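What follows is one structure encoded as structure tokens, with my remarks underneath.
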Amino acid sequence: MAKEKEVVAANGVVVGGGLSKKEIRKIHERNMNQEEIRYLRRKEAMEKVWPVARFFILFGLCFIILYPLIYMVSCAFRAQEDMSDPTVMWIPRHLTLKILRQTMQAMEFWKTLGNTLLLNIGCSLVQVVTCAITGYGFARFKFKGKNLLFGIVIMMILVPSQIIAIPQYMEFRYCLGIQPLMEKISPALGAKFNLIDTPLTMYLPALGANGIRAGLMIFIFRQFFKGLPKELEDAAYLDGCGPFRTFVQVMVPNASSSFLTVFLFSVVWYWNDFYVSSTFFTQNNTMALMLKNLGTRLSLVLFNSATVEVSPREQILWMEAGCLLAVTPLLIMYVCLQKYFTEGIERSGLVG
Amino acid sequence: MAQKEKRAIKMPYERRKGLYGYGFIALWLIGTAVWFLYPLLNSLMYSFMQVKPETGGMQGTWVGLDNYVYVFTADQNYTKYLASVLLETLWKTPLILIFSLFIAVILNQKFKGRAFARAVFFLPVIIATGPVYSIINGDISKSGASSAGQFSTMFSTDLMGDLFQFIGIYGLSDKMQTMVETVSNNIFGIVWSAGIQILIFLAALQNIPFSAKEAAQMEGATAWEYFWKITLPYVSPMILACLIFTVIDSFTAPDNLVMGRVLDMQKDWKYGEAAAMAWIYFAIVLAAVGIITLIMNRFIYYEVD
């Protein structure tokens, strides 16, 4: 409204205090040609219609995204017989924690949660540090073969882990060829060098900046460090900092929010990974693996035999409860730290 | 003389700095040699060999291109899966890009509840890469369950057919109708795989300088014109980034048919054939991304700093 009055004033038409909006507009339009009037009318109509349309679009799409989550919650608190009750759509007739409790038992929830958190946070911490160092190396130094080496980083983003999983398995199983030698000395020593089923299969690649989606993380850090002003580096150099000290004392504090974002994403990726971990772990000790094999575990744990089959429709209940359990820690993290997930990407320099 | 002195001081620092650069990437260099390059080379070798796992490592005999020939001629499923996956990527990728740009433009506007809407649209980012997604997806597409069935019929043929009839283009073109139907049936997959893309586009939109917006307003640009003349050129570099990201993402998705076939082969201990399959697929996708990048680069607007 204030804007309109300004324009009117600029056109030199005196606006009386007692005029209604319509009259003001009429005076307003007298000074404009046909095209301008049409433009303003169209804009006005759009401004009225668009918010309504926008609401419907967003509401519908939000529903599609939230639907599985709502369904999970609805299923997790149902009783078995509600599944065959056609009147139950969303709100269960028999509210019960039985399914949730049984799923927790089958997944050994607290133990798995502890394991997964320890592994994920540990690996992510290691990987964020190594990737940041590598990214800084690519962003701020000139050396021979840099472009070729960075090409390898791009390759790391592009090559799916399915291609290299089997050779990697062999490396861990025989510890780069050391294990057979040790086995010759003594079988007990040989068994120690079989790295399959040890957390080392996750930590070692992370330490070499080659863990899950490491290529992408190196890329993000490189973009970010490239964006920092060169003056920072020069000032540090003049004050007598060596390159490594410059990195630790000048660059890292500047990058703290970007560190947090990459760390959070790394935790999510480790949490969600089941392909790599199912290759290296034979036991189901992470959340994703537990969830993937929930079907077989359910019949083992709940009915003491692998042959008992629950009807697929009723099995959905346990599966959805399992999903809910696996997703809840991530959701809590997301809700609490949402700012860093969404704004971090913008600031991390991935864009531009 | 002075010049010589200057060089004598300057060169060592630059060289020393270069050496520090190697120091910074040393850890990665070792890691990559062990956990990336060596396995990659091995897997390429497997694809030319008949491989058997034995104590101490893989034992193989060289068979040349036999595995590749087998994959294309003898394997029943591979070519079929490959064709369907490539076709799906071909039509889904543009849709995901258009959709995420559209949503990003909407989420960039000011309205009540924007924070909530943003939070919801980024939610797939944290869930869609995990096993939870495949369970959700499976449950919904199976549609055996009561309410899951409800959901998939909501967007199904009847609704779209009714809409067409209502608008009056009933029976205009069967092909068109099936196309729209596939899109509306797949809306779940599209919405769920657009999280990161929306995030990237949104960040790009926020980087559009205010002066450009102001100028457009002064000239009386409509929202439509503004989108084509200002928004699109400014986000065009990100379209390429999102495109590559989408292709790679679908490439490694857990429900990808070709990758599923590769894993099945590995479970049957047929590592040579599995490696050949994976490499063919990888080569095709890499070539496609390369060509698209080359073509797109001609249309991208880079702001010169």
Q) What average number of partner chain Cβ atoms lie no more than 10 Å from the Cβ of the residues making up A:133-139? A) 5
Q. What fraction, in whole percent, of alpha-carbon pairs in region B:209-283 exceed 20 Å separation?
A. 56 percent
**Q.** Exposure proxy order (Cβ contacts within 10 Å, fewest to most) of B:Ser193, A:Ser299
**A.** A:Ser299, B:Ser193
Q | Computed FRET value (nearest 0.05) for B:Asn297 with A:Lys111, which takes r as the C-beta separation and R₀ as 35 Å | A | 0.10
Q.
If you take each beta carbon of peptide A:237-249 and count the beta carbons of other chains within 10 angstrom, what is the mean?
A. 1
(Q) For region A:108-292, take every pair of Cα atoms, bin their distances at 5 Å starting from 0, and report each bin as a whole percent. (A) 1, 8, 14, 16, 16, 14, 11, 9, 6, 3, 1, 0
Q: May I ask for the angle, rounded to the nearest 10°, between helix A:312-336 and the longest principal axis of chain A, with both axes built from Cα atoms and the value confined to 0 to 90°?
A: 70 degrees
Q: Within 10 Å of each residue's Cβ, count the other Cβ atoms and sort A:Glu171, A:Glu29, B:Glu54 from fewest upward.
A: B:Glu54, A:Glu29, A:Glu171
Q: Pull out the extension gain between A:Arg245 and A:Ile57, defined as 0.36 nm times the separation in residues minus the alpha carbon to alpha carbon distance; nm, one decimal.
A: 62.5 nm
Q.
So for chain A, considering every pair of alpha-carbon atoms, how many percent are separated by more than 39 Å?
A. 43 percent
Q | Spin-label model distance (nm) - B:Val69 vs B:Asn186, 7 Å beyond Cα toward Cβ | A | 3.6 nm
Q) Ranking B:Trp91, A:Trp90, B:Trp28, A:Trp269 by Cβ neighbours within 10 Å, fewest first, what do you get? A) A:Trp90, B:Trp91, A:Trp269, B:Trp28
Q | Per-residue average of Cβ from other chains inside 10 Å of A:314-326 | A | 3
Q | FRET efficiency, B:Leu232 to B:Tyr13 (Cβ-Cβ, R0 35 Å, nearest 0.05) | A | 0.20
Q) At a Förster distance of 41 Å, what's the computed FRET efficiency of A:Thr296 paired with B:Glu225, Cβ-Cβ distance as r, to 0.05? A) 0.10
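Read-outs: derived from the displayed coordinates by stated rules, not from any lab. Predicted model only: the values in this text are computed from it and were never measured. Methodologically, a virtual Cβ is constructed for each residue, glycine included, from the backbone with ideal geometry; neighbour enumeration extends over all protein chains shown.
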